[in-house]
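A short write-up of the structure that comes next.
The values are calculated or read from the model by the stated rules, or taken from the named source; none is laboratory data. Bear in mind the structure is a predicted one, so any value in this text is a computation, not a measurement. Quick reminder, even Gly has a Cβ in these numbers, built from the backbone with ideal geometry, and neighbours come from all protein chains shown. All accessible areas refer to the heavy atoms of the entire protein, side chains included, with ligands and DNA or RNA removed. Shrake-Rupley method; radii C 1.70, N 1.55, O 1.52, S 1.80 Å.
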Amino acid sequence: MKNKLEVDSVFLEFGNRRILSDVYLKCETDKIIGLLGRNGNGKTSLMNIIYGNLNCNSKSVRFNGETNFKAYKKPELLMYLPQFNFIPGSLSLKRIFKDYELDFKDFENRFPFYKSKYKSSFQSLSGGQRRIVEIYIISKSKTQFVILDEPFSHLSPIQIEEVKQFILEEKTNKGFLITDHMYQHVLNISDDIYVLANGKTHLIKDIIEIQYLGYANLNINMIK
Amino acid sequence: MKKIRLLFNFYKGFFLAPLLISIASSALLFVWGMEAFTMIFWYKIATMLIIYSFINSYKRKELFYYQNLGIGKLKLWFFAYSLDFFFFVILISQSQKFSFFSFLLKYRM
């Protein structure tokens with residue numbers, strides 16, 4: 001079954017500063033949606049609004065047409081990877097995988113480094129290793145949609161390629177909304193790209209629009 | 001069952017400070033008697049608020065771990081508060097039986 005997540009009518013102000021005013025975003029099963037935007041343009045705020053963690057002046061978040069203001073109460077609908085490490089350091093990988101009802105064997109087959117780490121605590125891993133565990137448990141869990149906020153930060157180039165491959169495989173089961181300033185990786189795997197600029201989302205039809213909207217200076221090879 | 005374990009796990013991360021406060025409250029009640037109960041009660045409430053506001057900011061990032069498992073902030077804090085207060089009530093109600101507090105009597109003003 002194809003699930004659909006739609007977000008619109010989002011209006012967010014911090015004091016007198018308008019952050020989000022004209023947002024439309026659609027994500028479906030088997031699609032990866034990339035969300036790009038300059039720092040402070042409201043990407044993380046928008047993700048928190050979709051997740052239900054941030055109150056705003058108005059919003060409409062619909063899962064298969066049904067409005068849900070507190071998506072975090074229903075992990076079967078949506079899971080969220082924040083841009084920082086969120087797993088308590090004292091937990092072992094064994095505990096984490098049990099909590100999220102995932103098979104550690106599948107994980108270590110994909111990432112052999114973790115073979116001897118089943119009983120290790122999360123805090124004993126390096127920053128990149130922790131991030132891979134977090135991306136894996138969020139992306140692999142039984143949920144309809146996944147939001148990934150800066151998944152590629154702190155990862156080595158090889159790890160990024162592994163994660164991209166894993167996300168591409170997993171998208172057959174769910175929809176992804178991804179933001180990261182390593183935008184070339186986001187462009188590589190995304191089916192649709194939105195740029196958030198001046199409080200509005202712009203669905204990109206031609207890659208050159210990313211430059212017109214002031215997000216990045218594309219090199220000539222990318223445009224071709 | 002899984003939810004209870006997760007709630008306990010959250011509380012386990014910082015249970016020591018509020019528990020020590022409850023033990024101290026019990027010792028104060030042992031030394032000063034029931035006339036000090038009101039003061040001790042408000043001492044516990046005030047320290048609870050201080051500890052919990054500190055933990056709420058210190059462990060803010062970890063809340064996502066539980067939210068992604070369907071347990072919101074409100075549930076986590078309600079459980080932690082309730083359990084902490086339960087231990088406080090037990091320790092306070094039994095304070096007169098804790099004879100090992102008797103060494104404190106010589107410091108009584």
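Points worth noting:
- Count of the range A:90-103 residues which are small (G, A, S) and at pLDDT 95 or above: 1
- A residue that is of a type outside the set (D, E), in a loop (DSSP other than H, G, I, E, B) and within 19 Å of A:T44 (Cβ to Cβ) occurs somewhere in the range A:193-202.
- Leading residue by the ranking (farthest from A:N109 (Cα to Cα)) among those in the range A:155-177 that are open to solvent by less than 10 Å² (accessible area, probe 1.4 Å), of a type in the set (A, V, I, L, M) and in contact (Cβ under 8 Å) with a residue 40 or more places away in the chain: A:L177
- Residue within the range A:158-170 that is assigned to a loop (DSSP other than H, G, I, E, B) and either of a type in the set (S, T, N, Q) or closer than 22 Å to A:E76 by Cα (or both) present: no
- Failed condition for A:N41, given (1) at pLDDT below 95; (2) within 14 Å of chain B (Cβ to nearest Cβ); (3) surrounded by 15 or more Cβ atoms within 10 Å (Cβ to Cβ): (2)
- Residue match in the range A:13-23 (condition: open to solvent by less than 10 Å² (accessible area, probe 1.4 Å) and under 27 Å from A:M1 (Cα atoms)): yes
- Residue match in the range A:110-122 (condition: within 12 Å of chain B (Cβ to nearest Cβ) and at pLDDT 95 or above): yes
- Within the range A:46-85, being among the hydroxyl-bearing types (S, T, Y) and either modelled with pLDDT of 95 or more or buried (at least 20 other Cβ atoms within 10 Å of the Cβ) (or both) holds for A:Y51, A:Y72, A:Y80.
- Members of the range A:86-109 found to be open to solvent by 80 Å² or more (accessible area, probe 1.4 Å), within 14 Å of chain B (Cβ to nearest Cβ) and among the basic types (K, R), listed by number: A:K98
- Among the residues listed as A:Y80, A:Y72, A:Y51, the single one being within 14 Å of chain B (Cβ to nearest Cβ), closer than 19 Å to B:K61 by Cβ, without any contact (Cβ under 8 Å) to a residue 24 or more places away in the chain and in contact with a helix residue (DSSP H, G or I) (Cβ under 6 Å, 6 or more places away or on another chain): A:Y72
- Taken as a whole, the range A:136-154 holds no residue that is free of Cβ contacts under 8 Å to residues at least 60 places away in the same chain, surrounded by fewer than 19 Cβ atoms within 10 Å (Cβ to Cβ) and aliphatic (A, V, I, L, M).
- Residue in the range B:73-99 that is farthest from the chain's Cα centre (by Cα), counting only those that are aliphatic (A, V, I, L, M) and open to solvent by less than 70 Å² (accessible area, probe 1.4 Å): B:L76
- Residues located in the range B:13-72, provided they are within 14 Å of chain A (Cβ to nearest Cβ) and under 13 Å from the mean Cα position of the chain (by Cα): B:G13, B:F14, B:F15, B:L16, B:I55
For (1) crowded, with 18+ Cβ neighbours inside 10 Å; (2) farther than 30 Å from A:I50 by Cα; (3) at pLDDT 90 or above, each residue gets a yes or a no:
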{"site": "B:M1", "(1), (2), (3)": "no, no, no"}
{"site": "B:F10", "(1), (2), (3)": "yes, no, yes"}
{"site": "B:F30", "(1), (2), (3)": "yes, yes, no"}
{"site": "B:M39", "(1), (2), (3)": "no, yes, yes"}
{"site": "B:T47", "(1), (2), (3)": "no, yes, yes"}
{"site": "B:K59", "(1), (2), (3)": "no, no, no"}
{"site": "B:L63", "(1), (2), (3)": "yes, no, yes"}
